[in-house]
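To start, the structure itself, in structure tokens.
Quick note: the coordinates plus some simple rules give every number you see, no bench work behind them. Model, not experiment: these values are computed from the prediction. Positions of Cβ are backbone-derived with ideal geometry, glycine not excepted, and every protein chain shown enters the neighbour counts.
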Amino acid sequence: MDKITSFVQKSDTNAIAVAVFGAIGAAVIAFKALRFLKVLVDVFVRPGINLKKYGAGNGGWAVITGASDGIGKEFASQLAAKRLNVVLVSRTESKLKALAEEIEQKYSVETKVLAMDFTKGDERDYAALQLLISPIEVTILVNNVGTNHEIPTFFEDESDKTVDNIIEVNVNAIMRVTKLVVPQMAARKNGLIINLGSFAGLVPTPLLSVYSGSKAFLSSWSQAIGAELAPKGIRVQNVNTYFVVSAMSKIRRPSMTAPLPEAYVRAVLSKIGVSGGASTPYTSTPFYSHAIANWLIENVFSRSFWVGYNYDLHVDIRKRALRKREREAAAAKKD
Ligand SMILES: NC(=O)c1ccc[n+]([C@@H]2O[C@H](COP(=O)([O-])OP(=O)(O)OC[C@H]3O[C@@H](n4cnc5c(N)ncnc54)[C@H](OP(=O)(O)O)[C@@H]3O)[C@@H](O)[C@H]2O)c1
């Protein structure tokens, strides 16, 4: 009889344990599913803050670094189309002037250009930028400029110059430009700072280790200053970017996961204040396929899985890049 009672008691305990674990499992799955639903609502339904709040159509200026090509060029054009005046900064003066002329003609806004090389960290360049922006109302800053390893490279083989350049452009320059702009935004209690983050900052990326570290810095720093600046009326948004067609990504053809800069920037500007796929504060992943990838990274498999995935991916990209270099060298010999 005792044996039967003990068997029944054990079965009861087992059943309770199964029920508790089942309920916890169901709650976790339900939470993840709800989070996924929120991602979909964010990217497909929720509108972002209207850029009129940040001076569009009302004399506001947007400063865009790395404005002469790729994503930055698209920010310049789309912000001008929304009737913001634009300050365009990058290295190549001829490209900046041509873009400024095109923008003035197309959108009837004012432009200013400054050719500077952020790798130099030259005080005179920052002084020139300060002089350029001090008489105007900068309402938006797009910290877009960024540089990367030429091809995926093991850290010990990477040149000191490349390492220094990445830190100077992706870290120091962004802080210096932001420091120039924040005081006037704070005085007016209004401003928007968009930082071009990367998935390499979300998941550590072997063979792009310095770039990846610089974007992780950007993510953390954006969240910290986001909290500091919010009470001053300044919104900081670190934009988690996966692949976009550009010279940097070396992707030529658009796909579902790698849009053209035009589609990508349209998504960013229409989702100001909306987190999309991102779950960290002051961060957004506004492009739909990137948002889904962001959700997958945070909810499916472990972080070590994704680091391993990134390792394999970049070892493969390195092999292909080296083969391409060999082909190009052979073709150059023939010529
Ligand atoms: N494309 C992607 O798949 C991807 C993914 C994640 C994150 N991002 C981020 O998005 C941002 C823009 O990338 P992108 O793909 O558009 O790059 P991109 O096509 O290579 O354009 C870079 C822009 O920055 C300027 N620039 C480069 N080095 C500079 C320097 N030392 N000083 C001043 N200007 C400089 C370039 O113009 P000049 O040559 O005339 O100077 C160009 O206008 C970067 O922060 C990048 O990390 C891109």
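If the only charges are +1 at each Lys and Arg Cβ and -1 at each Asp and Glu Cβ, what is the size of the charge dipole of the chain around the Cα centre, to the nearest 20 debye?
In total the dipole reaches around 780 debye.
Considering only the other residues whose Cβ falls under 9 Å of the Cβ of Lys95, what net charge follows from Lys and Arg at +1 and Asp and Glu at -1?
With Lys, Arg at +1 and Asp, Glu at -1, the net is +1.
How many nm separate the modelled label positions at Ser94 and Ser302, each set 7 Å beyond the Cα in the direction of the Cβ?
Reported label-point gap for Ser94 and Ser302 is 5.4 nm.
Tell me whether segment 148-271 comes out rounded, prolate or oblate; compute the Cα gyration tensor, take square roots of the eigenvalues as a ≥ b ≥ c, and use a/c under 1.5 as the rounded threshold.
oblate
Under a crude label model (7 Å from the Cα following the beta-carbon direction), how far is Met175 from Val163 in nanometres?
1.8 nm
Would you give the gap between the C-alpha center of segment 309-335 and the C-alpha center of segment 122-156, rounded to a whole Å?
30 Å
Relative to the Cα centre, what is the charge dipole magnitude of segment 1-114, using +1 at the beta carbon of each Lys and Arg, -1 at the beta carbon of each Asp and Glu, and rounding to the nearest 20 debye?
With Lys and Arg at +1 and Asp and Glu at -1, about 160 debye.
Charges on Cβ only, +1 for Lys and Arg, -1 for Asp and Glu, centred on the Cα centroid of the chain; of Val181, Met116, Leu269, which one is farthest towards the dipole's positive end?
Leu269
Arranged from highest to lowest average of other beta-carbon atoms within 10 Å per residue, in what order do the peptides 265-277, 227-239, 21-33 appear?
Descending mean neighbour count gives 265-277, 227-239, 21-33.
Please name which of Ser246, Val18, Leu129 has its Cα lying farthest along the dipole of the chain towards the positive end, using unit charges on Cβ (Lys, Arg +1; Asp, Glu -1) and the Cα centre as origin.
Of the options given, the answer is Val18.
When Lys and Arg each count +1 and Asp and Glu each count -1, what net charge do the other residues less than 12 Å away from Gly55, Cβ to Cβ, add up to?
Summing Lys/Arg as +1 and Asp/Glu as -1 gives +4.
Which distance in nm do the two modelled labels at Ala230 and Lys53 give, with both placed 7 Å along the Cα-to-Cβ direction?
Label at Ala230, label at Lys53, 1.3 nm between them.
How large is the dipole of segment 206-335 about the Cα centre if only Lys and Arg carry +1 and Asp and Glu carry -1, each at its Cβ, rounded to the nearest 20 debye?
It works out to roughly 560 debye.
Under 17 Å from a point placed 7 Å out from the Cα of Glu123 along the Cα-to-Cβ direction: which residues of segment 174-191 have their backbone N that close?
From segment 174-191, the list is 176-177, 180.
Can you tally the net charge around Pro152? Count Lys and Arg as +1, Asp and Glu as -1, for every other residue whose Cβ sits under 12 Å from the Cβ of Pro152.
Residues close to Pro152 contribute a combined charge of -1.
How many times 2.2 N^0.38 Å is the alpha carbon radius of gyration of the chain?
1.19
What GluC sites (Glu not before Pro) does segment 120-216 have in DSSP loop regions with at most 12 other beta carbons within 10 Å?
Here the sparse-neighbourhood loop sites are Glu150.
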